[in-house]
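Below you'll find the structure I mean.
What follows is calculated from the coordinates using simple rules that are stated; it is not laboratory data. Predicted model, so just to flag it, every value in this text is computed and none were measured. Note that each Cβ is placed from the backbone with ideal geometry, even for glycine, and that neighbours are counted across all protein chains shown.
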Amino acid sequence: MQTFNADLLIVGGGVGGCAAALAAARSGRRVILTEECDWIGGQLTAQAVPPDEHGWIERFGCTASYRLYRDQVRAFYRAFYPLLPGPRAHPHLNPGNGWVSPLCHEPRVGLAVLHAMLAPHVTAGRITLWTEHVPIATEADGADRLAAVIVRNLRTGCDARVTAPYFVDATENGDLLPLAGIEHVRGAESRDETGEPDAKAEAQPDNLQAFSFCFVMDHDPGANHVGPEPASYRYWRSYVPPLSPPWPGPWLNWDGLNPRTMQVFPYRFDPAGEPTGPFGGLWGFRRILDRRLFEEGAFASDLCLVNWPMIDYVGGHLLGDDPSSRAQYLARAREQSLAMFHWLQTEAPRPDGGLGWPGLRLRGDVTGTTDGLAKMPYIRESRRIRAEFTVRQQHVAQSCRPGETAAEPFEDSVGIGYYRIDLHPTSGGDNYLDVGNLPFQIPLGALIPTRFENVLPAAKNIGTTHITNGCYRLHPVEWNIGEAVGELLAHCSEHGLTPRQVYRDSDRRKSFQSRLTARGFELAWPSGLDLEAGDPHAHASYLYY
């Protein structure tokens with residue numbers, strides 16, 4: 001087995017992993033970045049989910065490098081796509097015109113932009129990228145440090161040993177934490193532990209948010225693309241999720257629940273035309289290409305990204321120790337999504353009184369797969385480190401801070417973010433938990449494990465709870481977390497410090513925060529924010545029609 005050495009090993013090439021690699025490399029660190037999938041980018045690409053962002057994103061509320069990513073996505077469309085003059089000139093071009101986000105774009109465009117951002121560092125030898133690699137073992141250096149991580153090439157089966165002064169877990173599920181013996185938690189904590197008003201009476205480690213296999217489809221109204229009925233279709237057609245409060249009927253149905261009120265909410269879906277604006281319909285919800293923005297005839301159809309409640313898999317979670325159970329849950333989740341698509345083609349009630357849209361077609365060419373689904377499951381909840389500081393509901397929820405326009409301020413802030421506390425149905429049988437939240441900061445203490453000195457989290461595995469993970473898991477927040485970790489480890493390397501020493505010493509912490517500010521980080525929100533303006537679903541100022 002060959003040994004490789006770097007200044008930093010980042011395990012996981014999703015949103016946080018890429019941001020961490022960019023930050024460390026621009027400071028001259030030599031980085032090895034590994035990723036399980038053959039695509040980097042995680043939520044943005046392999047999971048096929050456009051960015052979930054707040055309503056202030058075009059003005060403030062992210063790092064400079066995340067803004068660069070967004071700008072380059074728009075520049076890609078302006079450079080290579082036949083946009084009409086109006087959309088081309090619009091400073092906030094939204095290629096998909098989806099109402100869930102001001103930047104709904106195709107996965108491959110995100111992939112191209114991320115590779116372009118990494119390219120100078122790859123050419124210079126500062127970043128070495130290994131896709132289709134997973135961690136399988138670790139080597140300790142005493143009680144509180146890692147010496148090496150063993151990664152396996154999924155294509156060849158060959159293993160490689162990587163040594164480094166620092167290691168980062170940026171995997172989607174926090175996979176490095178159990179391998180290294182790093183203290184962590186999974187699932188729902190008890191109210192006695194966290195004091196959170198919406199926490200469980202007892203801890204439920206197997207109660208995690210659903211994961212989903214998203215898919216992209218288009219519509220050719222004159223064609224019939226209906227294939228054979230999926231083997232498990234009849235099961236999913238009648239499946240009623242075992243949730244409390246109960247779901248209003250079978251999963252495959254247009255009757256759902258409003259996550260905020262838990263009242264029955266009739267979904268609308270019509271590829272031929274839907275009302276424009278928030279909650280206008282599911283075709284436009286996460287649409288990633290709106291053909292109306294392009295020259296006539298350029299595209300025969302819009303591209304609709306399906307990330308709807310009906311594909312949330314609640315039959316199990318991916319954080320158990322049994323690989324066969326994990327494989328079973330992944331297979332079942334894929335079956336559920338394929339069943340949902342078949343239902344849309346054949347039995348879904350149409351506004352005109354008919355059933356199904358046979359002209360719907362899966363676009364695996366857009367997601368890079370043969371079955372038409374996303375390459376990887378969309379992960380909402382990971383293992384989370386036991387951290388020096390844990391963000392709890394009391395710190396960020398509106399109900400816990402009446403009259404405030406921002407969450408609890410943290411002196412050790414390394415960034416900011418905003419989203420509602422948005423928990424999807426869970427493997428433990430909970431229905432939605434969607435509650436008002438305040439614009440928050442990312443505390444450095446949530447990035448520091450309680451014991452390990454040279455391993456940091458850089459994704460959804462930071463020191464949050466089951467509840468606050470619901471607002472810290474979004475794309476720009478994960479990017480900010482990863483970028484802050486990359487900067488922190490570069491800073492520690494340059495000054496001979498450990499991350500804990502930076503966190504615990506006020507002067508050192510302020511010095512590091514000055515570095516972040518110089519790099520384009522925003523560490524605090526402006527005062528007097530209009531919370532309604534920041535709600536990503538409360539307005540449609542980024543829609544063209």
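Just grab the label-to-label distance for PHE80 and ALA140, each label 7 Å out from Cα along the Cβ direction, in nm (one decimal).
Taking the simple label geometry, PHE80 and ALA140 are separated by 4.8 nm.
If you average the sequence gap of Cα pairs under 8 Å that are 6 or more apart and divide by the length of region 153-250, what percent do you get for the contact order?
13
Among CYS492, CYS471, which comes first, second and so on when ranked by fewest other beta-carbon atoms within 10 Å?
CYS492, CYS471
Then there is this: Just check region 101-227 against the gyration tensor rule for me: Cα atoms, a ≥ b ≥ c as the square roots of the eigenvalues, rounded for a/c under 1.5, and otherwise prolate or oblate depending on whether a/b exceeds b/c.
The shape class here is oblate.
Next question. Apply 1/(1 + (r/R0)^6) to the Cβ-Cβ distance of ARG386 and GLU132, taking R0 = 22 Å, and write down the FRET efficiency to the nearest 0.05.
E(calc), rounded to 0.05, equals 0.10.
Take every DSSP beta bridge whose two residues both sit in the chain, then give the antiparallel share in percent to the nearest 5.
So the antiparallel bridges amount to about 65 percent of the total.
Right, next: Expected output is a single nm value to one decimal: the length gained when fully extending between PHE279 and GLN394, i.e. 0.36 nm times separation in residues minus the C-alpha distance. What is it?
So the extension gain works out to 38.5 nm.
Calculate the FRET efficiency for THR163 and THR517 from the Cβ-Cβ distance with a Förster distance of 25 Å, rounded to the nearest 0.05.
My answer for the efficiency is 0.15.
Arrange ILE288, ILE40, ILE481 by Cβ neighbour counts within 10 Å, fewest through most, would you?
The fewest-first ordering by Cβ neighbours comes to ILE40, ILE288, ILE481.
Express in nm, to one decimal, how much length is gained between GLU347 and HIS115 on full extension, taking 0.36 nm for each residue of separation and deducting their alpha carbon distance.
The span from GLU347 to HIS115 would gain 79.4 nm if fully extended.
I've got another one for you. Between beta-carbons, use under 13 Å as the cut-off and find the net charge around GLY284, counting Lys and Arg +1, Asp and Glu -1.
Computed value for this residue: +1.
Given [x] 0.95; [y] 1.03; [z] 0.97 as candidate values of Rg/Rh (Cα atoms, Kirkwood Rh), which corresponds to the one derived from the coordinates?
Label of the calculated value: [x].
Based on DSSP H runs of at least 4 residues, each adding -39500 (n - 2.57), what is the mean residue ellipticity at 222 nm of the chain after dividing by all its residues, to the nearest 500 deg cm²/dmol?
One gets -7500 deg cm²/dmol as the mean residue ellipticity at 222 nm.
Then there is this: To the nearest Å, what is the center-to-center distance of region 339-378 and region 34-60, using C-alpha atoms only?
Each part's Cα centre sits 22 Å from the other's.
Please report the relative contact order for region 72-154, taking Cα pairs under 8 Å with a sequence separation of at least 6, and give it as a percent rounded to a whole number.
For region 72-154, the relative contact order is 17 percent.
Just grab the label-to-label distance for VAL226 and SER325, each label 7 Å out from Cα along the Cβ direction, in nm (one decimal).
The two pseudo-label positions are separated by 3.9 nm.
Next question, about the same structure. Using alpha carbon centroids, what distance separates region 194-242 and region 381-450, in Å?
25
Roughly how many nanometres apart are two label points built 7 Å out from the Cα toward the Cβ at ASN5 and ALA147?
1.4
Please give the length that would be gained between GLU183 and HIS495 if that part of the chain were fully extended, namely 0.36 nm times their separation in residues minus their C-alpha to C-alpha distance (nm, one decimal).
The GLU183-HIS495 span can extend by a further 109.6 nm.
Before anything else, pin down the relative contact order of the chain: Cα pairs under 8 Å, at least 6 apart, normalised by residue count, whole percent.
Answer for the chain is 22 percent.
Could you sort 238-249, 353-364 so that the peptide with the highest average Cβ count within 10 Å comes first and the rest follow in order?
353-364, 238-249
Report, in debye and to the nearest 20, how large the dipole of the chain comes out about its Cα centre when Lys and Arg carry +1 and Asp and Glu carry -1 on their Cβ.
My answer is approximately 860 debye.
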